[in-house]
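Worksheet for the structure shown next.
Where a number appears in this text, it was derived from the coordinates with a stated rule and is not lab data. What you see is a predicted model; the values in this text were computed from it and never measured. A quick note on method: Cβ atoms are made from the backbone with ideal geometry, for glycine too, and the neighbour counts reach across all protein chains shown.
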Amino acid sequence: MITKFTKLLGAGALALGASFATAHAAETVKVGVLHSLSGTMAISETSLRDVLLFTFDEINAKGGILGQKIEPVVVDGASNWPLFAEKAKQLLEQDKVAVTFGCWTSVSRKSVLPVYEKNNGLLFYPVQYEGEEESQNVAYTAEAVNQQATPAVDYYLAEGKKKFYLLGTDYVYPQTTNLVLLEYLLSKGVKLENIGGGFKRDESGKIIAAGKYTPFSHTDYQQIIAEIKQFAASGDACVISTLNGDTNVPFFKEYAAAGLTAEKCPVVSFSISEDEFRGLPAKQLVGQLGCWTYFQSINTPANKKFVADFQAWLKTTKAPGVVKEGRVTCSPMVLSYVGVYLWKAAVEKAGSFDVDKVRAAYKTGLSFDGPGGKVTTQKNMHVTKNVFIGETKADGQFKIVKSFDNVYGEPWLKGQFKAK
């Protein structure tokens, strides 16, 4: 009798435990975070992990999404591009996440893209990129080339610059962006001999690569800086930099050591925001330019609240690995934050976490009033947003010198510009 009762009790306990587990699963929705928390890209990507955790907590504090709290599943891509694909597969096939927020470099995004397309997953990608892509499994909150690179060139042209040195890290984003910029510069009347960094031609003589490239984590910029200094001797030159990750530190240190300044040869960097400036000699780089769709210095109530709320969260969070001191906000962080809220809006409109239903809702022109202003989704999985050009200050912040409102995200620019 006792044995029978024990068995019944055991079965009941198992059933009760299973019902609790089922209830817990029903009360949460798993969301993937896929960023480099180690390696060369950790200088940039750890902050995106942090702002995502902040955003999830902010949403959960208000009841979650469709009555379910967000349960983050954080994995480390470790600046290892094949590993990104493995981690993406884990998130989709094992963890069964409803959505993933992640990647910084285009090579990491392209590494995981086949995984998301095969599994019909949804990746929100928040960092400036080269375009020439429009996957139905990626929501590109990132700046397209016409929301960062071409506005920066327009600004320098208006400032009287006639020579443009193209420099980048050796992978797909800088390579493709610089080919688009080559076409764009030629269409604006800039002579080929006034575009620095070098060219590579195919057998027919067609230019297939433009600019100077260095590997990830490159440290020796002495020869390149000497070349830039000679290129800039005429006084009307600038550098268009798509250097990515921690290689920016030795580049700018060599730049400053060579006596180059923003007055002699300014640099606009597409991968340096307020966050990266924390590790750079900011006082020696006053006057350099950044072009993003957000700066921390934007003087609006929405941005002030965002910055204050993030700083307050840093003080109280118990999330492991989060650095609490000396923190700033930047465009990739805000586009990560905005991405979560646009996904939330799409889920709520769809009434479901199902990827096909969420995607259909996302394409209907949903808007979110974020720290950088209004952001609106497009049918091509990109977003319309404001663009700002900023000049660096001694404190590592940016003084906004030019803005463009409601710029449509256009990924297909290659071949669109004709030389004058």
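Name the most mobile residue of 187, 204, 47, meaning the one with the largest mean-square fluctuation, in a Gaussian network model of the chain with Cα contacts below 10 Å.
Taking springs between Cα atoms under 10 Å, the residue moving most is 204.
In debye to the nearest 20, how big a dipole does the stretch 112-221 give about its Cα centre with +1 on each Lys and Arg Cβ and -1 on each Asp and Glu Cβ?
The dipole magnitude comes to about 420 debye.
Loop only by DSSP, 13 or fewer other Cβ within 10 Å of the Cβ. Give me the GluC sites (Glu not before Pro) in the stretch 151-200 that pass, ordered by residue number.
159
Beyond a 25 Å Cα-Cα separation, which of these cross-linked pairs lie in this structure: 87/363; 264/414; 188/402?
Where the Cα-Cα span goes over 25 Å, the pairs concerned are 87/363; 264/414.
Could you tell me how many degrees, from 0 to 90 and to the nearest 10, lie between the Cα long axis of helix 42-61 and the main elongation axis, the longest principal axis, of the Cα atoms of the chain?
Helix 42-61 and the main axis of the chain meet at about 40 degrees.
Count charges around residue 223 for me, please; just the other residues with Cβ under 12 Å from its Cβ, Lys/Arg as +1, Asp/Glu as -1.
Working: positive: 212, 229; negative: 220, 227, 254.
Combined, the nearby Lys, Arg, Asp and Glu give -1.
Round to the nearest 10 and give me the degree value, 0 to 90, for the angle of helix 106-119's Cα axis relative to the longest principal axis of the chain.
With rounding to tens, the tilt is 30 degrees.
Give me 263, 27 ranked fewest to most by other Cβ atoms within 10 Å of their Cβ, as a rough exposure proxy.
263, 27
Using 5 Å bins from zero, what percent of all Cα-Cα pairs in the stretch 30-144 falls into each bin?
So the P(r) values, bin by bin, are 2, 13, 23, 25, 21, 11, 4, 1.
On a 0 to 90° scale, report how tilted helix 331-350 is relative to the longest principal axis of the chain, with both axes built from alpha carbons and the result rounded to the nearest 10.
Here the helix axis deviates by roughly 40 degrees.
Would you list 412, 343, 313, 104 from fewest to most Cβ contacts within 10 Å? Don't skip to the answer; put the middle values down first.
Details: 412 14, 343 24, 313 19, 104 27.
Placing the least packed residue first, the sequence is 412, 313, 343, 104.
So who's got an amide H within less than 5 Å of the one on residue 196, skipping anything under 5 residues away but keeping other chains? H placed 1.01 Å off N, in plane.
Excluding prolines and chain starts, which carry no amide H, the hits are 164, 165, 166.
Counting Lys and Arg as +1 and Asp and Glu as -1, each charge on the Cβ, what is the dipole of the chain about the Cα centre in debye, to the nearest 20?
The dipole of the chain has a size of about 480 debye.
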